[in-house]
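In what follows, a structure is listed as structure tokens, so that the remarks can point back to it.
What follows is calculated from the coordinates using simple rules that are stated; it is not laboratory data. In this text, all values refer to a predicted model and were calculated from it rather than measured experimentally. All Cβ positions, glycine included, derive from the backbone under ideal geometry; neighbour counts span all protein chains shown.
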Amino acid sequence: MMGEKVLVALSGGVDSSVAALLLKEQGYDVVGAHMKLWDYVDATTDCQGICDTIEVPFHLLDLSARFEEKVIDNFVSEYSAGRTPNPCVRCNSEFRWPAFLDKAVEIGCDYIATGHYASIERGQNQRWYVRKGQDLTRDQSYVLWGLSQEELSKTLMPLGCLHKSEVREIARSHNLRTADKKESREICFVADDDHKRFLMEYEKRRGRTYDPGDIVLEDGTVVGRHDGAAFYTVGQRRGLGVSHPTPLYVLRIDTDNNRVIVGQNDALFKSELIANGINWLAMEPTDKSFEADVKIRYLHTPALATVTPLTDTQVRVIFKEKQRAITPGQSVVFYDGEILLGGGIIS
């Protein structure tokens, strides 16, 4: 540890600030870095201030063009295709980790580190994996399933054994400027959490618009109109603008015919799903079925299911009990207790 150099990803919040502080106290040679990603998300001042306080070097990485290409363009295209993406998952595996590791190599760092509430461990099979954070109200293991073995082996997550309240107390005791900074759980580039506004403005700048179409029942009966199928997601009830004797929910998006199909809540419950792009962490790729606790969205309570590999990168998941609103584009993640086994994208 002594003398090992680590590049800490600073977001401008309390978590990454304390991660940097703790690693310095543990004897690491700490360097702070902040990625500038989007025009109106600029936490550079706070990140610079933290580095000044704990007396470590600071780097500002302007990666906005790469971020737009790798993350935002995918976010927009997925919604346009009738899917509901989780951009944080893609950001981690396709953008953030590769970019930070590149910078770490460039400046001679042995590791990178983040303020995620999770831990990285190595199993008896010598595979690196992620363990849920001790603070289960903040656990972020769900968004880390896409990381490679090499990336995990080079990553430190010092907050995995702490609760949020402890992190804030550490920050206060060291007079860190971010100690009481309000946390945000929105997507960083959609700060107001208004996906429709963001999608419309983003496409407008590119000379594109969304076509209106019909909102229909499963039998094809037209019950309303939409101004863009991309603005809807499976399970949605609010904002449909449909008058009906009973509550209606979005069941699926039919992009081929530019229709939003709606129906009763009961129709949202399904027993199985197919997922692609599977990445295995704690376990070697297998062709045998196994039971796991499965999450189908970030705030979903894990449900017991049987996972059956169909190919090296595709699985079928059959739940013991039906789950509501299994949504194409979202991540499905497999756990053995606290241990993250792997994950993929719901098709």
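For the range 71-183, a simple Cβ point-charge model (Lys and Arg +1, Asp and Glu -1, everything else neutral) yields a dipole of about 320 debye relative to the Cα centre.
Remark: relative contact order (the chain) = 16 percent; criterion is Cα-Cα distance under 8 angstrom and separation of 6 or more residues. For the range 5-173, lysine pairs with C-alpha atoms less than 23 angstrom apart, excluding pairs fewer than eight positions apart on the same chain, total 15. The packing ranking of peptides 17-25, 120-128, highest mean first, is 17-25, 120-128, where packing means the average number of other beta carbon atoms within 10 angstrom of each residue. With θ taken as phi - 60° and the Karplus curve 6.51 cos²θ - 1.76 cosθ + 1.60 applied, the whole-hertz 3J(HN,Hα) list for the range 243-250 is 9, 8, x, 10, x, 10, 10, 6 Hz, x standing for glycine and proline. Multiplying the residue separation of Asp336 and Thr45 by 0.36 nm and removing their Cα-Cα distance gives an extension gain of 100.7 nm.
About its Cα centre, the dipole of the chain is roughly 580 debye, where the only charges are +1 on Lys and Arg Cβ and -1 on Asp and Glu Cβ. For the range 269-346, a crude dipole built from +1 on the beta carbon of Lys and Arg and -1 on the beta carbon of Asp and Glu, taken about the Cα centre, is about 420 debye to the nearest 20.
What order, most packed first, do the peptides 62-69, 181-188 have when packing is the mean number of other Cβ atoms within 10 Å of each residue?
On the way: 62-69: 15.2, 181-188: 12.9.
In descending order of packing, they fall as 62-69, 181-188.
Each label was represented as a point 7 Å from its Cα along the Cα-to-Cβ direction; for Arg208 and Asp62 these points are 2.6 nm apart. With each label modelled as a point 7 angstrom along the Cα→C-beta vector, the Ser173-Glu121 pair spans 2.5 nm.
Answer with one residue from Phe100, Ser17, Tyr79: the one whose Cα lies farthest towards the positive end of the charge dipole of the range 5-173, charges on Cβ with Lys, Arg +1 and Asp, Glu -1. It is Tyr79, whose Cα lies furthest towards the positive end.
Of all DSSP beta bridges confined to the chain, the antiparallel ones make up roughly 70%.
DSSP finds beta bridges in the range 5-173, and of those with both partners inside it, around 30 percent are antiparallel.
Distance from a point 7 Å along Cα→Cβ of Ser347 to each backbone N in the range 273-289: keep the residues under 15 Å and list them by number. 273-279, by backbone N distance to the label point. Stretching Gln26 away from Glu218 to a fully extended chain increases their span by 63.2 nm, per 0.36 nm per residue minus the current alpha-carbon distance. How far apart, in nanometres, would the label points at Asp52 and Glu201 be if each is projected 7 angstrom from Cα along the Cα-to-Cβ direction? The answer from the label model is 3.0 nm. Mean separation of Cα pairs under 8 Å and 6 or more residues apart, divided by the residue count, gives the range 1-105 a relative contact order of 23 percent. Only lysines eight or more places from Lys288 in sequence, or on another chain, were considered; those with a Cα closer than 21 Å are Lys320. Amide H contacts of Val8 (H built 1.01 Å from N, in plane; Pro and chain starts excluded): Val31, Gly32, Ala33, Ala113 sit under 5 Å, all sequence-distant by 5 or more or on other chains. Between Val242 and Arg185, residue separation times 0.36 nm minus the direct Cα-Cα distance comes to 17.6 nm. Excluding same-chain neighbours fewer than eight residues apart, the lysines reachable from Lys204 by a Cα-Cα span under 17 Å are Lys196. Here's the picture: charge each Lys and Arg Cβ at +1 and each Asp and Glu Cβ at -1 in the range 211-263, and of Leu217, Asn257, Gly241 the one pushed furthest to the positive end of that dipole is Gly241.
Given R₀ = 25 Å, what would the calculated FRET efficiency be for Arg225 paired with Ile274, taking r from the Cβ atoms and rounding to 0.05?
Working from the Cβ atoms, E equals 0.20.
Can you work out the PRE-style zone for Asp102? Point 7 Å along Cα to Cβ, and I want the residues of the range 1-32 with backbone N under 18 Å. In the range 1-32, the label zone of Asp102 (backbone N under 18 Å from the point 7 Å along Cα→Cβ) covers 7-10. Rounded to the nearest 0.05, the FRET efficiency derived from the C-beta distance between Thr311 and Lys5 at R0 = 35 Å is 0.30. Selection among Ala113, Val31, Gly3 by position relative to the dipole of the chain gives Ala113 as farthest towards the positive end (Cβ unit charges, Cα centre).
Among 268-279, 323-334, sorting by the average number of other beta carbon atoms lying within 10 angstrom of each residue, highest first, gives 323-334, 268-279.
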